[in-house]
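Trainee: Sharing a structure with you now.
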Amino acid sequence: MGLDGRHAVVTGGASGIGRAIALRLARDGADVAVLDRNADGAERVAGEVAALGRRALAVALDVADTADVARAAERVHAGLGPAHVLVTAAGIAEFCPTVELTDAQWERMLAVHLGGTFKAIRAFAPDMVAAGWGRIVAIASVAGLIGGRGLAHYAAAKAGIVALAKSVAQELGPSGVTANAIAPGLVDTPLLRAAQVPQEIFRRAAEQAPIRRLGVPDDVAAAAAFLASEEAGWFTGQVMSPNGGGHV
């Protein structure tokens, strides 16, 4: 959608939704920095971006670590230049009944999802303000809109991301920067498979959705590509929810 000359930063870009978004933005013309805790995975995806003819950079970091995020921003600035597009897709997943959650589980979930999103925005949004143009796309979840059994910590973090995106949209809009959230339904990703989501949940989600299938990472990437584009200049503070009709 015309991102030639733009520099995009994708956190959680080594696999799943983040990888699909990184590759889609590259196809649309952006140079891409792939940020992820999985250094080898980030390098692989950066290689895929480079194979598409775009400049690419892989940076290993923990998005919950303030110093890591600051170092990543320095590497992006040195390797690609100022960021014009930021997509925050880094995340973790696990199922646990609310009353059985430990403080450590609760705090880590919020630190990665909500804290990581905030820290990435804080690090890269000034580039966009300086340029007078920018796109922030925060990956939330339909769980952040409706909750979920065994997902209280995850849902709370994702709901916070929605509120954060709306707040940033109001603050940065006058500077030419938009901020939106994407709240996907159930997407079949390596992250969810690793979290040992029961097969029954996948089956039921596909059967109950009007589209009659689970989401795939490219479904979310298409939404992110639009929100990152020039054409989405009048979209800000919004929540886009690609979910196959499972939540309307």
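Throughout, read-outs are computed from the coordinates displayed, never taken from laboratory work. Keep in mind it's a predicted model, so treat the numbers as computed, not measured. Please note: Cβ atoms are built from the backbone with ideal geometry, for glycine as well, and neighbour counts cover all protein chains shown.
Trainee: Of the candidates Ser167, Ser15, Ser141, which one comes out as most mobile in a Gaussian network treatment of the chain with C-alpha springs shorter than 10 Å?
Mentor: Ser167
Trainee: Comparing Val99, Val216, Val87, which has the greatest mean-square fluctuation in the GNM of the chain with Cα pairs linked when under 10 Å apart?
Mentor: Val99
Trainee: Sorted by mean Cβ packing within 10 Å, highest first, what order do the peptides 226-235, 60-69 take?
Mentor: Per-residue mean Cβ counts within 10 Å order the peptides as 60-69, 226-235.
Trainee: Arranged by the count of other C-beta atoms within 10 angstrom, fewest first, what order do Lys158, Lys166, Lys119 take?
Mentor: Lys166, Lys119, Lys158
Trainee: Let me ask another. Please report the relative contact order for the stretch 7-232, taking Cα pairs under 8 Å with a sequence separation of at least 6, and give it as a percent rounded to a whole number.
Mentor: 20 percent
Trainee: Rounded to two decimals, what is the ratio between the C-alpha radius of gyration of the stretch 4-45 and 2.2 N^0.38 Å?
Mentor: The stretch 4-45 yields a ratio of 1.03.
Trainee: What does the net charge come to around Val32 if you take all other residues with beta carbon closer than 14 Å to its beta carbon, with K and R at +1 and D and E at -1?
Mentor: It works out to a net charge of +3.
Trainee: How big is the equivalent ellipsoid of the stretch 98-145 along its three axes, where each semi-axis is √(5λ) from the Cα gyration tensor, reported in whole Å from largest to smallest?
Mentor: After diagonalising the Cα gyration tensor, the semi-axes are 30, 13, 4 Å.
Trainee: Still on this model: In whole Å, what are the Cα extents of the stretch 104-199 along the three principal axes, biggest one first?
Mentor: Ordered largest first, the stretch 104-199 gives principal extents of 46, 26, 23 Å.
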